[in-house]
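The structure appears below as structure tokens.
The values are calculated or read from the model by the stated rules, or taken from the named source; none is laboratory data. The shown structure was predicted, so the numbers you read here are calculated from the model rather than taken from an experiment. Heads up, the Cβs are rebuilt from the backbone with ideal geometry, glycines too, and the neighbour counts pull from every protein chain shown. Calculation scope for accessible area: heavy atoms of the full protein, side chains included, ligands and nucleic acids excluded. Shrake-Rupley method; radii C 1.70, N 1.55, O 1.52, S 1.80 Å.
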Amino acid sequence: MTPDLDLVPFVPELVLVAAAIVGLLYEALARGPRYPVHLAVALAGIVVASGATLALWRYGGDPTVLAGAIATDRLAVLARLTVLGAAFCGLLLGTHAIERDPAAARGEFFPLLLFATTGMTLIVAAADLIVVFLALEVLSLSLYVLTGLPGRRAASEASLKYFLLGAFSSAFFLYGVAMVYGATGTTRIPEIANALVGRTGEQGLALLAAALLLIGLGFKVSAAPFHMWTPDVYQGAPTSVTAFMSAATKVAAFAALIRVFDVGLQALRWDWTPLVAALAAVSVVLGSVLAIAQADVKRMLAYSSVAHAGFILTGLTASNADGIGASLFYLIAYSAMTIGSFAVVGVTTTRGEDRTDLDAYRGLYRRDPHLAAAMALFLVSLAGVPPTAGFIAKVGVFGAAIGAGYVWLALLGVLASVAAAYVYLRVIVLMFMVEPEEALVSDPAPLPRIAIAIGAAIVLVLGLFPGLVTDLVRSAAVLRW
Amino acid sequence: MVGAELTSAAVTPTLGLLWLVPALPLAAAAVNLFWGRRLKRAAGWLASAAVGAAFVLSALVVAELFRLPAQERLFVQHLFDWIRVGAFRVGADLRLDALSATMILVVTGVGTLIHVYAVGYMEGDPRFGRFFAYLNLFVGAMLLLVLGGNYLLLYVGWEGVGLCSYLLIGFWFEEVANANAAKKAFVTTRIGDTAMLVGLAFIVWRFGTLDFDPVLGRAGATLTEGAATAIALLLLGGAIGKSAQVPLHVWLPDAMAGPTPVSALIHAATMVTAGVYLVVRSAPIFEASPVALPIVLVVGLVTMLYAGTSALAQTDIKRVLAYSTISQLGYMFMAAGMRAYAAAMFLLVAHAFYKALLFLGAGSVIHGMHGEQDLRAMGGLLRRMPVTSATTLVGVAALAGVPPLAAFFAKDQILEIANHTGRPLVWALGSLGALVSALYVGRLAALAFLGRARSRAAERAHESPPTMALPLVALAVGAAAAGALNVVPEGRLAHLLEPVVGAVPHGEGIPAWALSTLGGLIAVVGLAATWVVYASGRVDHEMLAARLEPIPRMLGAGWYVDAAYERFVQAPTLAAARFIAGVLDARGVDGLVHAIAGGVVGIARIGRRIQTGFVRSYALVFLFGAIALLVLVGARS
């Protein structure tokens, strides 16, 4: 069989890689202050890639192209767009961080971020487990380096931990791929699905594969108990990188998880949904409870990220268009709130130095009312209070879980949300009801504030008018293969 | 029959602009909220321009609508799906028909004039931009309320105007009394709003939708009498709160703590009419119940007489007008209770003109007298503030019902319908109410503008700036001419509204010309009587009042309803709240919560200890997790 060479569904990745290579060459050859050019190149790459992705919404060709490697469905389009949006905001934040702290600045930030983005946009469209694995490594390796880029001790330590544990989890994933091949004789996700449909009797090998794949991807989405790296890495990494990866990695890994499990392993869904439910329950409870004991905002948000991974998994227990749609909506909403809140963390500083302990938020409202209002909005949304996107998202995933018979999981999620509300409300109380102790000055830089405004707008619009994206999410939740 | 089958018109370029009508004031509100301080005086002009543009657009859109044949005068603009949960959907739909058309013209028309007036009135206020942001937000919310194509959108606007009312009553919150008045308004209307929300839940339960068309079109067929009564009374609860009807009227007189343009716009011309609009809009539900409309009639009648008599003894010029507003709203409820929806809407429009005029005139007086609001300190202002006095006197005559001004027609038609539909008692009490309103408004005019000045402030009063005087003139023209809209009960306005609200009820009784003559006479006699007592100098009215005690004191205190509420509702509620908060909550609920919270924190501390920072222990946890998952798989297969 000759591979068909329809490259159109692959254009976003080509554009991103091209922009990354231009950035690398420029970094090697140019002299003097280079960041405006870097930023322009990278932003251009992302905007063009987004345009190419948008054009794919109405793609009418085969479900997969390039010898079954790339899927062309709307799940890939919507997840790519979310990742690209996160990358856009991450670039703004990163550029600002470089301007503020030239000593720790590296021009490689821009191409590395683009490579990571490429891995993510590739993984959400990957229709072959080998491509999934490749994309996973591309994004992971880039993220390891991005985490340690400033060269400070905390960053290097976080980078190394991330790398070691990441390698550990990749091994599980790869082992899962091998098991799938053993069970079905193929690594192409649609063919796996066909091979498993209608098969009766012993499914042990395929089930083992499902568990191993879930472990590998569960690590990437920070699902407990595979979440241990998350607080350390989120805290140690530069805040701009944390903002980017907390949103984009989750979207990418969840999209891959949806494709692998809801397409490839669809026939086994009665067997793997309990596993997903177990991970969801542990993540929701551990993430919510452990967030309470944190005194550092970045660690607190990291545990919150674990809990939110659990909520998204809750939606996926439904394993139907309802559940996938609810989870996609959740991912979009979560991306906006997590990037926004980390962006606020990035500018709540003393002169040039990051302050991430909770005390830095005392009386923020007095110092900078707009910043405090935006942070309050993100926190309220993370807590899941109307009229924010977080509320609609939670309603969606709980509804899907109840529809699939997981009433206990939805109940647990609601209880955990109540406990976690304390975490977020505590920061709001600090910001609005406590007088500032010291003369902290928040950073007036414009670039992060653009990212904050984008996040706040999405959180509010999706909270007030969820109907605007319902159709998009629904059509993306219908998987085509 | 109400709610005859209307077919929705196709979108045309002009009709397609409908969404801009609420969007323009809302956008201006956002601009003023963020940049109001920087815009300085321009904030006021921006706000006025936004509402003015909304008025022009409304006029264009409504003109386009009325160019269609009568049975096609309905335009629903679907903006987007707002909420979709399973089969239940709520769209962001705007609905333009004769009823909402009337409302948007009143809201934006009167609103524009009041905005312009406020530019002069609020001059020099430190929160000038903020004020106009709230005012614009209010207009936007009110437009949403009347344009909403379903009950949920209506409710959003309903709560929006409630919020703005709270913010604006307490706008000068530095004074505790103002903040308390704002709180009182919010809490009192909340009681009604809660009833209304329960009513909406009932509608969803019975109809599975909140859209007007299916609910109102099938109300008679779907609802049992009991269900219709329940829903209608719950909706009426909301209307009573918002329109300050007895027994939830107590907030409106206190709401006069807000700046006077607010009193004019919100507490006279627009927001308080939302209750009337709700009843008229929901008429099919009310008609499906055997008792709902009679209850509306009784509520209106009681309110009309109660508030009218209370207005007789007020000394604060704005409180006279506040009670007058309540009384006039009572008239509108009476009309709706007799199925005379067109008459209710006609009085609503006419009232918007002359009451806005009276309030703005009162505001101009207060402005000219540097904050004095006591009628006893005024007098003889006709000479010192000629424009204000002349225009306000037009408003006075219009409210009293002097022919051929607005209320002469509007009030007269309600009384005529009462008489002709076999309700002689309603007609007699209504005529008595008309006399009372001529008396209280005549007393206001005589005390403020005629006679001699009774204080230094009154001697030194000065005319207001043109931004305040011009809207007065415009409103005076409106108050004088609004009667032309509907000179007989089956007049032009009634005809336009007929496809939405149904035909005007009619029957036999005392001939219409005799009723009209009587109505005109009542107005003229009432005004003349007040002139004799208060302005001619022939009667010592203070002595007269002293001899009538304790009646004036009782009326002045609003029949002691406030005091009774404080004693029998507020005090027991507070005591109960104190018991619950201090004993039950602190020891019981909080104790439990603290215990749980302590437990959670304890678990969190232990969990934190596992997070050692060593990669090896992380890998170990990972491994345990993986083994657990694999065991789970093994156990299942």
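Here is how the numbers come out for the structure above:
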{"item": "Accessible area (Å², 1.4 Å probe, nearest 10) - residue B:123", "result": "110 Å²"}
{"item": "C-alpha long axis of helix A:446-464 to longest principal axis of chain A, angle in °", "result": "60 degrees"}
{"item": "More than 31 Å apart - percent of Cα-Cα pairs taken over segment A:8-476", "result": "37 percent"}
{"item": "Where B:117, B:166, B:155 fall by accessible area, highest first, once all protein chains stay in place (1.4 Å)", "result": "B:166, B:155, B:117"}
{"item": "Distance from segment B:334-412 to segment A:179-250 (C-alpha centre basis), Å", "result": "74 Å"}
{"item": "Reachable aspartates and glutamates, given that their alpha-carbon falls under 18 Å from the alpha-carbon of residue B:411 and they are not under 8 places away in the same chain", "result": "B:490"}
{"item": "Partners for residue B:183 among aspartates and glutamates (Cα-Cα distance below 19 Å; same-chain residues under 8 apart left out)", "result": "B:159, B:174, B:175, B:193, B:254, B:562, B:566"}
{"item": "Heavy atoms of residue A:137 accessible to a 1.4 Å probe, total area in Å² rounded to 10", "result": "50 Å²"}
{"item": "Contour minus Cα-Cα distance for residue B:49 and residue B:545 (0.36 nm per residue)", "result": "173.8 nm"}
{"item": "Inter-label distance for residue A:47 and residue B:581, nm, one decimal - labels placed 7 Å from Cα along Cα-to-Cβ", "result": "5.5 nm"}
{"item": "Per residue value of the accessible surface for segment B:563-636 (all protein chains in place, 1.4 Å probe), Å²", "result": "71 Å²"}
{"item": "Dimensionless Rg over Rh [the protein assembly as shown; C-alpha; Kirkwood]", "result": "1.05"}
{"item": "Spin-label pair residue A:475/residue A:164, simplified geometry with 7 Å Cα→Cβ offset, distance in nm", "result": "4.9 nm"}
{"item": "Nearest 10 degrees, 0 to 90: helix A:297-316 Cα axis against chain A principal axis", "result": "30 degrees"}
{"item": "Accessible surface, 1.4 Å probe, highest first, among residues B:420, A:227", "result": "B:420, A:227"}
{"item": "Cut-off under 5 Å, modelled amide H: who pairs with residue B:79 long-range", "result": "B:92, B:93, B:94"}
{"item": "Delta accessible area of at least 50 Å² on complex formation, residues of segment B:589-637, 1.4 Å probe, chain isolated as reference", "result": "B:600, B:604, B:608, B:611, B:615, B:618, B:622, B:629, B:630, B:633, B:636"}
{"item": "Residue-level accessible surface for residue B:183, protein heavy atoms, 1.4 Å, Å²", "result": "110 Å²"}
{"item": "Degrees separating the helix B:225-242 axis from the principal Cα axis of chain B, which is the longest one", "result": "70 degrees"}
{"item": "Whole-Hz couplings from phi, Karplus 6.51/-1.76/1.60, listed for segment B:19-29; x for Gly and Pro", "result": "4, 5, 4, x, 5, 4, x, 5, 5, 5, 4"}
{"item": "Carbon + sulfur, % of accessible area of chain A - ligands and nucleic acids excluded, 1.4 Å", "result": "69 percent"}
{"item": "Trypsin sites (Lys or Arg not before Pro) restricted to DSSP loop in segment A:339-410 with at most 10 other C-beta within 10 Å", "result": "A:351"}
{"item": "Range of Cα positions in segment A:195-348 per principal axis (Å), largest first", "result": "58, 25, 21"}
{"item": "Cα gyration tensor, segment B:444-484 - rounded (a/c under 1.5), prolate or oblate", "result": "oblate"}
{"item": "Evaluated over segment A:279-424, the Cα radius of gyration and Dmax, each in Å", "result": "15.6, 53"}
{"item": "Surface per residue (accessible, 1.4 Å probe) for chain A, Å²", "result": "34 Å²"}
{"item": "Residues of type aspartates and glutamates that residue A:220 reaches as a straight line, Cα spacing below 15 Å, ignoring anything fewer than 8 places off in the same chain", "result": "A:137, A:232"}
{"item": "Where only C-alpha atoms are counted, convex hull volume of segment A:127-252 per residue in Å³", "result": "91 Å³"}
{"item": "Calculated diffusion of segment B:263-324, Stokes-Einstein form, Kirkwood radius summed over Cα pairs, 20 °C and 1.002 mPa s, µm²/s", "result": "162 µm²/s"}
{"item": "Accessible surface buried upon A-B contact (total; probe 1.4 Å; Å², nearest 100)", "result": "3000 Å²"}
{"item": "Ratio of Rg to Rh over chain B (Cα coordinates, Kirkwood Rh, two decimals)", "result": "1.06"}
{"item": "Candidate residues B:354, A:175, B:306: accessible-area rank, largest first, probe 1.4 Å", "result": "A:175, B:306, B:354"}
{"item": "Gain upon complete extension [residue B:10, residue B:127; 0.36 nm per residue less C-alpha separation]", "result": "37.7 nm"}
{"item": "Using a Förster distance of 51 Å, the FRET efficiency for residue A:29-residue B:38 (Cβ separation, nearest 0.05)", "result": "0.65"}
{"item": "Inter-label distance, nm, simple model (7 Å from Cα along the C-beta direction), residue B:84/residue B:428", "result": "6.1 nm"}
{"item": "Calculated FRET value between residue A:359 and residue A:194, using beta carbons and R₀ = 41 Å, to 0.05", "result": "0.10"}
{"item": "At R0 = 25 Å, FRET efficiency that the Cβ-Cβ distance of residue A:408 and residue B:592 yields, to 0.05", "result": "0.65"}
{"item": "Using distinct alpha-carbon pairs, which all enter the 1/r mean, Kirkwood radius of segment B:525-637 in Å", "result": "22.7 Å"}
